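As structure tokens, the structure follows; a few thoughts come after it.
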Amino acid sequence: MRVAMIGTGYVGLVSGACFADFGHVVTCVDKDASKIDRLHEGIMPIYEPGLDKLVETNVQEERLFFTTEAKDAIADADAVFIAVGTPSRRGDGHADLSYVYAAAEEIAKLMTGFTVVVTKSTVPVGTGDEVEAIIRKTNPDADFAVVSNPEFLREGAAIGDFKRPDRVVVGTDNEQAKEVMRELYRPLYLNETPIVFTNRRTSELIKYAANAFLAVKITFINEMADLCEKVGANVQEVSKGIGLDGRIGPKFLNAGPGYGGSCFPKDTLALTKTANDHNSPVRIVDTVVEVNAARKKAMADKVIAAMGGDVSGKTIGILGLAFKPNTDDMRDAPSLDIIPALIAAGATIKAYDPESMEEASHMMEGINYAKNPYEALEGADAMVIITEWNQFRALDLDRVKDTLNGNVVVDLRNIYEASDMAKRGFAYTSIGRPV
């Protein structure tokens with residue numbers, strides 16, 4: 001099938017490359033000419049493991065194309081995916097749908113023949129209705145169906161999530177559109193992937209409900225970690241003990257400094273706004289948003305307390321800046337709350353992250369960036385782990401101790417054993433575990 005993907009951001013580029021790898025002919029469209037030029041050169045606009053090779057292979061085999069000109073891509077397409085950004089709108093927290101609506105208007109002007117217009121962007125309930133209205137108003141004679149097909153991609157594992165998903169959700173009542181979507185995802189039938197067909201509004205809400213529920217799990221275990229610290233319990237064992245319950249499951253029960261990234265912060269906020277607009281508040285999610293914001297800010301206090309209550313004039317080596325490993329995404333990362341607070345308290349910051357330092361440099365000032373983890377620790381009074389990159393899980397701890405000025409280690413991801421760190425002479429602080 002022929003596919004047009006409007007937007008070459010995280011969702012659009014990964015989805016387009018994976019559809020091409022399924023055997024479809026995909027043209028990714030973006031108005032940013034410099035981004036398209038870089039893609040033609042094989043330079044990815046995001047860091048995602050394996051994406052560069054996937055793109056290269058499908059470009060070489062002439063299944064994947066990039067352009068700034070939407071006309072031919074949309075006119076020839078069986079399905080046109082809208083995969084543009086929906087950031088939180090300033091002032092009220094609602095999802096900013098201006099890019100979605102602009103894409104819908106452009107598609108309406110260029111489509112020919114029966115076309116399935118698929119909303120891949122994360123959008124509030126009812127957005128598909130508005131997209132349909134825009135297309136109908138712009139091109140009254142158009143033959144089309146608007147479908148909701150939310151993405152469930154984890155940054156750092158997106159290719160695997162697309163090719164081996166837990167499920168595919170498709171929101172449409174149009175039988176012709178269903179057949180097109182079945183054909184697009186036909187390779188997944190080999191893996192017996194469940195494809196959930198539902199109405200469009202239900203599909204839109206499934207995406208928000210899924211992300212909100214995962215945010216609830218993260219926030220719940222973080223609050224359990226705080227309680228563990230008060231009563232002398234171990235949050236990792238609590239997580240295991242409850243995660244073995246099939247009704248709960250072990251995923252998203254790792255205590256840490258709070259969630260961040262491109263999805264959970266904006267999606268939980270958008271869901272609460274939608275719920276309030278319909279006079280059906282989701283109080284659990286309201287609380288999650290508040291607790292998570294407070295937690296990220298509290299992590300700086302945790303570091304300061306571990307360093308004796310005063311960091312003025314002290315140097316702190318930070319390992320990890322991105323909101324999670326295997327991505328360069330800094331959006332709503334805990335480091336954006338922790339590091340400025342430490343600098344405001346008088347600390348000097350040296351930091352290292354394998355992929356996100358360039359992005360971080362545009363978002364924070366006053367940081368000295370290092371070439372490797374050990375350089376970040378040279379002369380530092382403490383080591384603070386914010387992101388659990390694999391290369392931080394097996395540091396040469398003897399070298400760490402020799403490199404640091406002091407012996408303070410604050411592990412906000414619980415990647416080391418407290419007893420082992422104590423035996424090595426570190427003043428070790430972690431999340432929700434007894435020393």
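Apart from one condition, Phe65 fits all of (1) over 21 Å from Met1 (Cα atoms); (2) crowded, with 18+ Cβ neighbours inside 10 Å; the exception is (1). The set of residues from the stretch 223-234 being in a helix (DSSP H, G or I) and within 15 Å of Tyr428 (Cβ to Cβ) comprises just one member, Glu229. Of all residues in the stretch 76-122, those that are in a helix (DSSP H, G or I) and of a type in the set (A, V, I, L, M) total 7. Every test in (1) in a helix (DSSP H, G or I); (2) in contact (Cβ under 8 Å) with a residue 40 or more places away in the chain; (3) crowded, with 18+ Cβ neighbours inside 10 Å is passed by Gly260 save one, and that test is (1). Just name the residue that is modelled with the lowest pLDDT out of those in the stretch 157-179 that are of a type in the set (A, V, I, L, M) and crowded, with 21+ Cβ neighbours inside 10 Å. Restricting to residues being of a type in the set (A, V, I, L, M) and crowded, with 21+ Cβ neighbours inside 10 Å, the top hit is Ala158. Scanning the stretch 327-344 for residues that are among the small types (Gly, Ala, Ser) and either surrounded by fewer than 24 Cβ atoms within 10 Å (Cβ to Cβ) or in contact with a Phe, Trp or Tyr (Cβ under 6 Å, 6 or more places away or on another chain) (or both) yields Ala333, Ala341, Ala344.
Is it the case, given these coordinates, that Ala394 is farther than 23 Å from Gly313 by Cβ and among the small types (Gly, Ala, Ser)? Criteria met by Ala394.
The C-beta contact set for the stretch 266-280 (first residue outside the structural domain of Leu214 (by TED's automatic domain parsing) and farther than 11 Å from Pro124 by Cα, second residue in a helix (DSSP H, G or I) and among the small types (Gly, Ala, Ser), distance under 6 angstrom, 6+ apart or interchain) is empty.
Say whether the condition of being under 19 Å from Lys178 (Cβ atoms) and either in contact with a Gly (Cβ under 9 Å, 6 or more places away or on another chain) or exposed (fewer than 15 other Cβ atoms within 10 Å of the Cβ) (or both) is met by at least one residue in the stretch 88-102. There is no residue in the stretch 88-102 that is under 19 Å from Lys178 (Cβ atoms) and either in contact with a Gly (Cβ under 9 Å, 6 or more places away or on another chain) or exposed (fewer than 15 other Cβ atoms within 10 Å of the Cβ) (or both). Checked against the criterion of being under 23 Å from Ala305 (Cβ atoms), surrounded by fewer than 20 Cβ atoms within 10 Å (Cβ to Cβ), at pLDDT 95 or above and among the hydrophobic types (A, V, I, L, M, F, W, C), the stretch 347-364 has at least one qualifying residue.
Looking across Lys324, Lys297, Lys251, one residue alone is surrounded by 17 or more Cβ atoms within 10 Å (Cβ to Cβ), not hydrophobic (A, V, I, L, M, F, W, C) and not in a strand (DSSP E or B). It is Lys324. What do you reckon, is Thr387 buried (at least 22 other Cβ atoms within 10 Å of the Cβ), touching a residue at least 24 places away in the same chain (Cβ under 8 Å) and of a type in the set (Ser, Thr, Tyr)? For Thr387, the condition - buried (at least 22 other Cβ atoms within 10 Å of the Cβ), touching a residue at least 24 places away in the same chain (Cβ under 8 Å) and of a type in the set (Ser, Thr, Tyr) - is met. If I filter the stretch 1-56 down to residues being within 23 Å of the chain's Cα centre (by Cα), among the hydroxyl-bearing types (Ser, Thr, Tyr) and part of a helix (DSSP H, G or I), which single residue comes out as nearest to Asp78 (Cα to Cα)? Among them, the one singled out is Ser15. Residues satisfying the criterion are absent from the stretch 237-245 (criterion: more than 30 Å from Gly9 (Cβ to Cβ), assigned to a loop (DSSP other than H, G, I, E, B) and in contact with a Gly (Cβ under 7 Å, 6 or more places away or on another chain)).
The values are calculated or read from the model by the stated rules, or taken from the named source; none is laboratory data. In this text the structure is predicted, and so the values were computed from the model without any measurement. We place every Cβ from the backbone using ideal geometry, glycine too, and count neighbours over all the protein chains shown.
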